[in-house]
Structure formats: C-alpha cells, structure tokens
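Take a look at the structure set out below.
The values are calculated or read from the model by the stated rules, or taken from the named source; none is laboratory data. Small disclaimer: the values here were computed from a predicted structure and weren't measured. Positions of Cβ are backbone-derived with ideal geometry, glycine not excepted, and every protein chain shown enters the neighbour counts.
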Ligand code: SF4
C-alpha cells in the first residue's frame with residue numbers, strides 16, 4: 001500500500017525561524033545575559049541573538065568556562081556526598097579545557113599553555129580559599145528556573161543558579177582585576193536581581209543574601225567574595241522597568257549601536273562599522 005504523500009515522514013529540516021519569530025521569543029523569555037547585553041549595546045544584542053552571528057571565543061572566555069565547569073563538577077559531587085579529590089578535579093579541568101563546543105577559541109601564538117595553567121591555578125585557589133568544606137552539602141547546584149510570565153505582567157525570566165549554599169545564592173566570576181565591592185554590586189545588579197526573583201519563585205522564600213565569588217587572574221590568583229544584601233523593593237522595581245524597556249525596544253526594533261570603551265574588545269566590531 002502506498003502511503004498518502006502527506007503522511008510520509010519527511011527528513012527535510014524545519015524552516016529557519018523568521019526574524020519576527022526570533023524577536024517574539026526574545027520578548028517572551030529574558031535571561032540575565034540577554035538583558036545585560038541589550039542594555040550594554042542593542043546592536044550587539046541584535047547581531048548575537050537575532051542575526052545569530054557566532055564568533056570565536058576569546059581566551060578569557062574559555063578560561064572562565066573551563067573554571068566554571070570544574071566548580072560545577074565540584075559542587076555536584078558535594079551534593080551527591082561524593083567529594084572529588086584534587087586529582088579528580090584536575091581531570092575534570094582537562095576535560096573542560098578540551099571541550100570548546102561549537103565555538104573555536106581565538107588563541108594568540110603560544111597563548112594556550114599559559115592560559116591553561118592560569119585556569120587551573122584559579123581552581124586550586126578557589127578550593128583553598130573558599131572555606132567551603134568538601135563534605136558540606138549545597139542546597140542546589142546549577143538549577144534551571146523559569147518564572148511565571150503572568151505574575152508581574154512581564155516576560156518570563158529564565159536562568160540557572162550556579163550554587164545555593166547555606167541559603168545564599170552564589171555566582172562565580174573570573175576577572176583580570178580585583179573588583180571594587182560597590183561597583184560590582186552595581187554592574188551585576190541586573191543579574192543578581194534576576195537571580196533573586198528566580199530564587200523566590202523556586203523556593204517561595206526571600207533569599208538571605210547573594211555572594212559574587214570573583215576569581216582574580218593575578219600573578220598570585222586570589223578569591224574576592226562580595227556579599228550582597230537580599231534584593232530590595234527598589235532594585236526589583238528597577239529590574240522590572242529595565243525589562244519593560246527591553247520588551248519595548250524589541251517591539252520597535254530599536255537596535256542602535258552604543259559606541260564606547262567596550263567596543264575595543266567587541267567581536268562584531270567589523271559588522272558594526274558596516275551598519276547604517
Ligand atoms: S563595536 Fe561597540 S557599538 Fe558596535 S556593536 Fe560592538 S559594542 Fe556595540
């Protein structure tokens with residue numbers, strides 16, 4: 001028996017989403033990285049999330065991803081009450097280093113070996129200086145959370161909480177400079193406020209506090225912990241106002257560039273120069 005054409009399974013790939021569909025999706029679900037990039041430079045946001053331009057990763061980004069992957073493995077092992085030895089952590093680091101995913105890394109001549117050593121020294125520093133005992137069990141590790149979009153009349157917020165330990169939301173960062181406590185509280189406010197909203201959604205409780213754990217890439221690496229208060233009413237109102245501005249900007253296709261100091265290291269610099 002010959003099947004009607006309409007019921008024959010097709011191997012043709014699904015058509016690529018249109019720009020309108022992509023923008024519609026971006027308006028319905030907002031993450032900290034998307035909102036932060038939109039506020040930083042709307043044209044860069046357009047290139048990355050609407051046009052889907054993918055560039056090679058920088059060395060700094062690759063170091064950060066590898067360190068993050070090892071700390072995730074360390075936390076997951078503690079959560080299972082099977083803490084990893086330093087040797088096992090090093091194996092995890094080698095695995096994470098080799099995994100570049102879909103984006104190749106933009107290495108300068110002879111740079112990789114040095115950066116790899118830097119990454120591993122950051123992990124060692126964290127294990128030594130974080131004072132988190134290997135046998136202590138975290139409450140949550142890498143938990144994806146999504147808010148109910150109807151709750152505030154805003155898009156759904158999505159995100160992954162790196163670690164919740166002793167009730168506190170902990171987020172990892174790698175940095176080339178020692179952070180200033182007041183400035184990092186401000187520059188990370190979009191992210192920490194979104195995490196606070198996600199935590200409250202997931203637990204039904206107000207977070208006792210948020211900590212930013214910066215691993216600083218110095219000759220002698222160090223860990224700097226910035227402890228932040230729970231999100232205030234004012235911070236929540238600021239976040240919601242920024243979300244409204246983002247949704248509106250997407251509505252009216254407001255993708256203008258924001259030339260500034262950040263352009264020096266922008267991966268879509270050439271595309272930006274061609275923009276008109
Ligand atoms: S070069 Fe500057 S203005 Fe242009 S897209 Fe990049 S960050 Fe935005």
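Here are the numbers:
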item: Leading residue by the ranking (surrounded by the fewest Cβ atoms within 10 Å (Cβ to Cβ)) among those in the range 88-115 that are over 24 Å from the mean Cα position of the chain (by Cα) and at pLDDT below 95; result: 109
item: Some residue of the range 226-246 being within 16 Å of the ligand (Cβ to nearest atom), loosely packed, with under 15 Cβ neighbours inside 10 Å and either part of a helix (DSSP H, G or I) or over 21 Å from the mean Cα position of the chain (by Cα) (or both); result: no
item: Candidates 194, 132, 158, 169 - the one that is at pLDDT below 85 and within 30 Å of residue 81 (Cα to Cα); result: 132
item: Residue count, the range 256-276 (criterion: under 22 Å from the mean Cα position of the chain (by Cα) and more than 7 Å from the ligand (Cβ to nearest atom)); result: 4
item: Check on residue 100, without any contact (Cβ under 8 Å) to a residue 60 or more places away in the chain and in the same structural domain as residue 216 (by TED's automatic domain parsing); result: no
item: Number of the condition not met by residue 219 [criteria: (1) at pLDDT below 95; (2) part of a helix (DSSP H, G or I)]; result: (2)
item: Flag for residue 37 being modelled with pLDDT of 95 or more, assigned to a helix (DSSP H, G or I), closer than 28 Å to residue 246 by Cα and within 16 Å of the ligand (Cβ to nearest atom); result: yes
